[in-house]
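For reference, the structure discussed in these notes is given below.
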Amino acid sequence: MSVQHIMVIGAGQMGSGIAQVCAMAGYSVVLQDVKKEQIDKGIAIITKNLARQVEKGRMAEEDMNDTLARITPVLTIQSAAEADLVIEAAVERMDIKKQIFAQLDEIAPARTILASNTSSLPITEIAAATKRPEQVIGMHFMNPVPVMKLVEIIRGLATTDEVYETIEEVTKQIGKVPVEVNDFPGFVSNRILLPMINEAIYTLYEGVATKEAIDEVMKLGMNHPMGPLTLADFIGLDTCLYIMEVLHEGLGDSKYRPCPLLRKYVKAGWLGKKTGRGFYVYE
Ligand SMILES: CC(=O)CC(=O)SCCNC(=O)CCNC(=O)[C@H](O)C(C)(C)COP(=O)(O)OP(=O)(O)OC[C@H]1O[C@@H](n2cnc3c(N)ncnc32)[C@H](O)[C@@H]1OP(=O)(O)O
Ligand SMILES: NC(=O)C1=CN([C@@H]2O[C@H](COP(=O)(O)OP(=O)(O)OC[C@H]3O[C@@H](n4cnc5c(N)ncnc54)[C@H](OP(=O)(O)O)[C@@H]3O)[C@@H](O)[C@H]2O)C=CC1
């Protein structure tokens, strides 16, 4: 299957990063969100990231302008009619993802592959909202997308080999490394990462140490680039909570119960870096 036109749904931190790397690789990209402010913010972040590459002499100004010209911002999902591949990066909620996939299935041509950047939700269940489950797949990028090398590719129960191979090829074209995993809650990445982050939140909740001390232990003691509480703020505390809930419900083990402090912060609207406050305060 040949992919030239990519549509990205959701212009948040992940969607804008995905649009950037796809456009840099030469694909024509449509970036869709329900709010204009969010699209403007997404395009501003992409422009800033590319301008930094130009400043550092790693990209010619002409290439930056060509890359930006390959990205078309839109507010409706109708552009799926021209897409060869749709990568959905909206909020981590099954009801919203199912609604988006059902709509995409109506609008997109029969050839179009529908991929989700979900962090943890079952691809097989998302695929069941469409009449083309064999063309639905997980394409899980890591944050920050322009920097992180991995794309976890998740096969749903019905995903065909041809669709898998196309996504593997697109992943390589955009300079990332594909790793194939099966469809279980949290896949590999978040089944391992999120319980560690949740445990760090319990460590804070139980007063074992300050947030700074917890982060410092993991940074200096384990050589993690960011402490787990800083990383939670970076991922988004809402996303962290959704993932823990998927692990808890999907694997049925109490060891995955989300920390009450995480729930409290999310209820307060303290979602981390993206809202200016989480475990830490950001300008
Ligand atoms: C939740 C999920 O479903 C899955 C996930 O994504 S889990 C999250 C996975 N990601 C991580 O674990 C990230 C952990 N943190 C890191 O690797 C590093 O702290 C980091 C790469 C984010 C920043 O690295 P750093 O060395 O501390 O900072 P810094 O020197 O500012 O940045 C290094 C480079 O990354 C770039 N960078 C940093 N943040 C960036 C961003 N948000 N967008 C684009 N580029 C960014 C910088 O521009 C810099 O590039 P150059 O070297 O070309 O100048
Ligand atoms: N954060 C991370 O580290 C990672 C996240 N992911 C996954 O990527 C996805 C997006 O996460 P992230 O970018 O962090 O989240 P953000 O909150 O930054 O962005 C989500 C965006 O999707 C928009 N949106 C919500 N509903 C719709 C819809 N129906 N149609 C189009 N856009 C919509 C939101 O708009 P509004 O704000 O108006 O609701 C927002 O702009 C999630 O599934 C998440 O699990 C995957 C890897 C890493």
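The values are calculated or read from the model by the stated rules, or taken from the named source; none is laboratory data. The structure presented is a predicted model; accordingly, all values stated were derived computationally and were not measured. Note that each Cβ is placed from the backbone with ideal geometry, even for glycine, and that neighbours are counted across all protein chains shown. All accessible areas refer to the heavy atoms of the entire protein, side chains included, with ligands and DNA or RNA removed. Shrake-Rupley method; radii C 1.70, N 1.55, O 1.52, S 1.80 Å.
Charging the Cβ of each Asp and Glu at -1 and of each Lys and Arg at +1, and nothing else, the dipole of region 1-131 about its Cα centre rounds to 220 debye. Considering the options 21, 49, 81, tell which one lies farthest towards the positive end of the dipole of region 1-84, charges being +1 on Lys and Arg and -1 on Asp and Glu at the Cβ, about the Cα centre. Among 21, 49, 81, the one farthest towards the positive end of the dipole of region 1-84 is 49.
I'd like the carbon and sulfur percentage of the solvent accessible area for region 1-58, probe radius 1.4 Å, heavy atoms only, ligands and nucleic acids excluded. C and S atoms contribute 52 percent here.
The residues of the chain expose, per residue, 47 Å² of accessible area to a 1.4 Å probe. Restricting attention to region 1-158, close to 20% of DSSP beta bridges with both partner residues there are antiparallel.
Could you give the length gained on full extension between residue 208 and residue 103, defined as 0.36 nm per residue of separation minus the Cα-Cα distance, in nm? If you can, show how the numbers build up before the last one.
Working: separation 105, 0.36 × 105 = 37.80 nm, distance 4.77 nm.
Between residue 208 and residue 103, full extension yields 33.0 nm more.
Between amide H atoms placed 1.01 Å from N, distances below 5 Å from residue 5 occur with 84, 85, all of them 5 or more places distant or on a separate chain.
Binning all Cα-Cα separations of region 156-201 at 5 Å, short to long from zero, yields these whole-percent fractions: 5, 17, 19, 18, 18, 11, 7, 4, 0. Which values of log₁₀ I(q)/I(0), to two decimal places, follow from the Debye formula for region 71-131 at q = 0.17, 0.29 Å⁻¹ with a uniform point scatterer at every Cα? Cα-only, vacuum Debye calculation for region 71-131: -0.52, -1.41.
From its DSSP helices (H runs of at least four residues, each -39,500 (n - 2.57)), the chain gives a residue-normalised ellipticity at 222 nm of -15000 deg cm²/dmol.
Computing FRET efficiency as 1/(1 + (r/R0)^6) for residue 224 and residue 61, where r is the C-beta to C-beta distance and R0 is 35 Å, gives about 0.45.
Viscosity 1.306 mPa s, temperature 10 °C: give me the Stokes-Einstein translational D for region 115-181 in µm²/s, with Rh taken as the Kirkwood radius over C-alpha pairs.
Numbers: Rh = 11.9 Å.
Approximately 134 µm²/s, per Stokes-Einstein.
Here the label points at residue 93 and residue 131, each 7 Å from Cα along the C-beta direction, are separated by 2.8 nm in the simple model.
When only the heavy atoms of the protein chains count and the probe is 1.4 Å, how do 280, 256, 205 rank by accessible area, highest first? Intermediate results must be reported in sequence, preceding the final value.
Numbers: 280 50, 256 15, 205 115 Å².
The most accessible residue leads, giving 205, 280, 256.
Karplus-based coupling profile of region 91-97, in residue order and whole Hz: 4, 7, 10, 4, 4, 5, 5, with θ = phi - 60° in 6.51 cos²θ - 1.76 cosθ + 1.60 and x standing for Gly or Pro.
In this label model, residue 148 and residue 196 are separated by 1.2 nm, measuring between points 7 Å along each Cα→Cβ vector.
So if the hydrodynamic radius of the chain is defined as the Kirkwood radius over C-alpha pairs, what does Stokes-Einstein give as its diffusion coefficient at 25 °C and 0.890 mPa s, in µm² per second? Working shown, then result.
Numbers: Rh = 19.4 Å.
D, rounded to a whole number, is 126 µm²/s.
Using the average count of surrounding beta-carbon atoms within 10 Å as a protection proxy, the listed peptides 168-175, 107-114, 8-15 rank, highest first, as 8-15, 107-114, 168-175. Rg and Dmax of region 133-283, based on Cα coordinates, read 16.9, 51 Å.
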